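Notes to accompany the following structure.
The values are calculated or read from the model by the stated rules, or taken from the named source; none is laboratory data. These figures come from a predicted structure and were not determined experimentally. All Cβ positions, even for glycine, are placed from backbone atoms using ideal geometry, and neighbour counts span all protein chains on display.
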């Protein structure tokens, strides 16, 4: 009997020893894997702890090291440990781009260096890439990623907007204007200025593209001639045309071999989504760099049809088609809107066109949209209008590699528990689970004692 007990003890000792060794090896293996590989899941609202696909695309275009200098004190009166906030934020980018470095400078200890850098506030970031620099004063993804996008651009691009005829202004604050869109363009490293062809001899030769945004009065014949000359020289153009008169620009439409049908596009699908029936929803896009992987809804209030005429001069593609169950309404919009087969044009309706041709060993690019409202301050936030508008400009200025969905602003998505939920978590994790482990251990020990 004594020999049997000794054998059992030896058996259990070897069994426990083997279990301990295997457990130790498992812990070592898990530690090694944790050091070599990082896997994480972001379950926060709006995925605030990970970068958007737009920011990831921008990082992939930064070929070379990026250095960030943060001018921040050890403590901030309002933000507290501001250095920790900055470090955690920059870490999101460093996970995808290891050669993005971060250095801290204390403005109170190095005031001369801070002044030379042009720092205006505590916590300001200076980003250096390929000899260019950008300042960031707001610590969020949209501000930082837009700064990176500006650094990616080889040089500043000039966007010129026609003025003098009541056009929508890129710096205007009225609901009709394009001020918010212009602000986004500047945030993306694009310079914009107005152009009055009455006083200016011609469109500047360094302009990357010209914008004609819904003139309200007719252009003079001499101004139209200057515009046609700009097109003949190979200039790029974004022309936004609303349902009103072409304002003397019929020769431009003829040069581009386009027909702009009178009337307003009516879209019953918009009405089903609780939007006005005169809001055309862009859901079908042509195969083009502007709309590559663009699977989002755009909203075009009071749009008009654009028809591409057959020609051998331009390569043209219908960029956006809307209202597959709708039509072009030629009657009054005040009362009930009903399709009239005799006068209305049945959908789907093309409301935007992209044109190209080779001239002087370069590609000339033109986009005509039968709507100016979609970029106006009142409607820019509808659907993905902003993304579509930025894509238009990036393509027209030759920066199609920067065509990405704009980085989102981070939502304030703190995880807040009620008092009951906090109590329940304490009871489960601090009382019930430890008690369960303790009881399980005692039960196993007692069962083994009985066998011995």
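May I ask you to list the residues in region 311-340 that are more than 21 Å from residue 244 (Cβ to Cβ) and at pLDDT below 85? If you could, list the steps in order and put the result at the bottom.
Keep residues of region 311-340 that are more than 21 Å from residue 244 (Cβ to Cβ), which gives 311-319, 321, 324-325, 336, 338-340.
336, 338, 339, 340, listed by residue number.
When residue 123 is tested against the conditions (1) within 22 Å of residue 394 (Cβ to Cβ); (2) outside the structural domain of residue 184 (by TED's automatic domain parsing); (3) surrounded by 20 or more Cβ atoms within 10 Å (Cβ to Cβ), the lone failure is (1). Checking each residue of region 89-99 against the condition of being under 26 Å from residue 152 (Cα atoms), in contact (Cβ under 8 Å) with a residue 24 or more places away in the chain and touching a strand residue (DSSP E or B) at 6+ places or on another chain (Cβ under 6 Å) gives at least one match.
Scanning region 172-207 for residues that are under 22 Å from the mean Cα position of the chain (by Cα) and not in a loop (DSSP other than H, G, I, E, B) turns up 179, 180, 181, 182, 183, 184, 185, 186, 187, 190, 191, 192.
Against the condition at positive phi and surrounded by 19 or more Cβ atoms within 10 Å (Cβ to Cβ), how does residue 302 come out, does it pass?
Yes: the conditions hold for residue 302.
Looking only at region 401-409, decide whether some residue is under 30 Å from residue 235 (Cα atoms) and either in a helix (DSSP H, G or I) or modelled with pLDDT of 75 or more (or both). Yes, region 401-409 contains at least one residue that is under 30 Å from residue 235 (Cα atoms) and either in a helix (DSSP H, G or I) or modelled with pLDDT of 75 or more (or both). In the set (1) at pLDDT below 95; (2) under 25 Å from the mean Cα position of the chain (by Cα), the condition left unmet by residue 343 is number (2). For residue 190, the stated conditions hold: it is within 21 Å of residue 396 (Cα to Cα), touching a strand residue (DSSP E or B) at 6+ places or on another chain (Cβ under 8 Å) and surrounded by 14 or more Cβ atoms within 10 Å (Cβ to Cβ).
Just one residue in the set 251, 276 is in the same structural domain as residue 388 (by TED's automatic domain parsing), without any contact (Cβ under 8 Å) to a residue 60 or more places away in the chain and more than 29 Å from the chain's Cα centre (by Cα); that residue is 251. Quick check on region 59-73. Is at least one of its residues touching a helix residue (DSSP H, G or I) at 6+ places or on another chain (Cβ under 7 Å), exposed (fewer than 15 other Cβ atoms within 10 Å of the Cβ), under 30 Å from residue 133 (Cα atoms) and at pLDDT below 90? Scanning region 59-73, I find at least one residue that is touching a helix residue (DSSP H, G or I) at 6+ places or on another chain (Cβ under 7 Å), exposed (fewer than 15 other Cβ atoms within 10 Å of the Cβ), under 30 Å from residue 133 (Cα atoms) and at pLDDT below 90, so the answer is yes. You will find that of 141, 124, the residue that is under 22 Å from the mean Cα position of the chain (by Cα) and in contact (Cβ under 8 Å) with a residue 12 or more places away in the chain is 141 and no other.
Kindly establish whether residue 217 is buried (at least 21 other Cβ atoms within 10 Å of the Cβ) and either outside the structural domain of residue 389 (by TED's automatic domain parsing) or modelled with pLDDT of 90 or more (or both). So residue 217 does not fit the description; no.
Restricting 170, 162, 185 to residues that are more than 21 Å from residue 381 (Cα to Cα), in the same structural domain as residue 223 (by TED's automatic domain parsing) and either buried (at least 20 other Cβ atoms within 10 Å of the Cβ) or without any contact (Cβ under 8 Å) to a residue 60 or more places away in the chain (or both) narrows the list to 162. Considering region 60-168, the qualifying strands (runs of 3 or more DSSP E), each wholly inside and each with 1 or more residues that are farther than 30 Å from residue 217 by Cα, run over 66-71, 100-105, 124-129, 132-136.
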